[in-house]
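Chemist: Below you'll find the structure I mean.
The values are calculated or read from the model by the stated rules, or taken from the named source; none is laboratory data. This one's a predicted model, so the numbers in the text were calculated from it and none came from an experiment. A quick note on method: Cβ atoms are made from the backbone with ideal geometry, for glycine too, and the neighbour counts reach across all protein chains shown.
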Amino acid sequence: MKKILFLLSATMLLLSSCGSIHDFSYFQDTMAGDVNHIANAAQAVKIKPYDKISIMVTCKDPQLSAIYNLVSSYNRLGQNSVSAGTGYVSFYTVDEQGDVDFPILGKIHVDGLTRTEVAETVKNKLTTAEQGVKDATVTVEFANLHVSVLGEVKSPGYISIDKDQFTLLDAIARAGDLTQYGNRKNVKVFRKSGSSQQTYEVDLTKFNEVCSSPVYMLQQDDIIYVDPNKVRARQSTATGNTLLTPSFWMSALSFAMSVAVFVTR
């Protein structure tokens, strides 16, 4: 009888840990020393219509640079401005043509440019303007750029883009990682392009596939969705406890052990 009880206990322990390590481990195809190619490794986030950005001009003469900065003494625009030490710099909203209306210089086309390229464009225009700033330093920051992370992650929601290269792994980390019910082999990324939206699938258990994916480097407004795994899917049934679930067999074995103990007394 002791052998039977031992066998039942071992079986219960096995079932309780029946989730395969292959269902939870990331990057199972890589090891120390491996080199993986990153798709679009040099790709940085580019400005699109309706994005918000801040453009700050500084130089040795504060009065000269002030005429190019939309600064107020108080935050009258709420979320449409950012603190700049002595005041608040307003954000520029890129219009549907991809332009921003810059003080003195007028319309500047920024659609498709990176932060660095926008700064260089503004600086070049400042040096050639009639009231130009020869020693200008131009700083460009993102304002409302974000991606959305949904599904089986610990903290779903909007994730702000705060750097030029923002990866899929950055977004997942900011969302608190996948839950134990997240399907690591099927993470979807939805990307809008014009009037269409394309769907990509990424297997997080294969590092080479992650790095080579065209959505490894994210863009603003990308949507990341983590599918539920089979365990979560079965839990969504009416009882959540079927013949396929470990909890069912653990309950059955627990009952069998209780009966066995009672009989042997």
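Chemist: Only one of 114, 121, 93 is touching an Asp or Glu at 6+ places or on another chain (Cβ under 8 Å), of a type in the set (Val, Ile, Thr) and crowded, with 16+ Cβ neighbours inside 10 Å. Can you tell me which? Don't jump to the end; show me each part of the working.
Modeler: Values: 121 fails: touching an Asp or Glu at 6+ places or on another chain (Cβ under 8 Å); 93 fails: crowded, with 16+ Cβ neighbours inside 10 Å.
Sole residue among the options that is touching an Asp or Glu at 6+ places or on another chain (Cβ under 8 Å), of a type in the set (Val, Ile, Thr) and crowded, with 16+ Cβ neighbours inside 10 Å: 114.
Chemist: Looking at 195, 148 in this structure, which one is at pLDDT 95 or above and either assigned by TED's automatic domain parsing to the domain that holds residue 114 or of a type outside the set (Val, Ile, Thr) (or both)?
Modeler: Values: 195 fails: at pLDDT 95 or above.
Testing whether each residue is at pLDDT 95 or above and either assigned by TED's automatic domain parsing to the domain that holds residue 114 or of a type outside the set (Val, Ile, Thr) (or both) leaves just 148.
Chemist: If you take just the strands (runs of 3 or more DSSP E) that sit entirely in segment 74-138, which of them hold at least 3 residues that are at pLDDT 90 or above?
Modeler: Values: elements: 81-83, 88-90, 99-102, 106-109.
In segment 74-138, 99-102, 106-109 are the strands (runs of 3 or more DSSP E) which contain 3 or more residues that are at pLDDT 90 or above.
Chemist: Here's a check for you: in segment 209-232, which residue that is out of contact with any Phe, Trp or Tyr (no Cβ under 9 Å at 6 or more places or on another chain) and part of a helix (DSSP H, G or I) is surrounded by the fewest Cβ atoms within 10 Å (Cβ to Cβ)?
Modeler: Going through the qualifying residues, I end up with 230.
Chemist: Another question, if that's okay. Condition check: assigned to a loop (DSSP other than H, G, I, E, B), touching a residue at least 60 places away in the same chain (Cβ under 8 Å), exposed (fewer than 14 other Cβ atoms within 10 Å of the Cβ) and not hydrophobic (A, V, I, L, M, F, W, C). Does residue 165 satisfy that?
Modeler: Details: assigned to a loop (DSSP other than H, G, I, E, B): yes; touching a residue at least 60 places away in the same chain (Cβ under 8 Å): yes; exposed (fewer than 14 other Cβ atoms within 10 Å of the Cβ): no; not hydrophobic (A, V, I, L, M, F, W, C): yes.
No: the conditions fail for residue 165.
Chemist: All but one of (1) outside any strand (DSSP E or B); (2) under 27 Å from residue 222 (Cβ atoms); (3) among the hydroxyl-bearing types (Ser, Thr, Tyr); (4) at pLDDT 85 or above hold for residue 30, so report the exception by its number.
Modeler: (4)
Chemist: So is residue 213 outside the structural domain of residue 93 (by TED's automatic domain parsing) and over 30 Å from residue 31 (Cβ atoms) or not? Show your work before the answer.
Modeler: Working: outside the structural domain of residue 93 (by TED's automatic domain parsing): yes; over 30 Å from residue 31 (Cβ atoms): no.
Spelling it out, it is not the case that residue 213 is outside the structural domain of residue 93 (by TED's automatic domain parsing) and over 30 Å from residue 31 (Cβ atoms).
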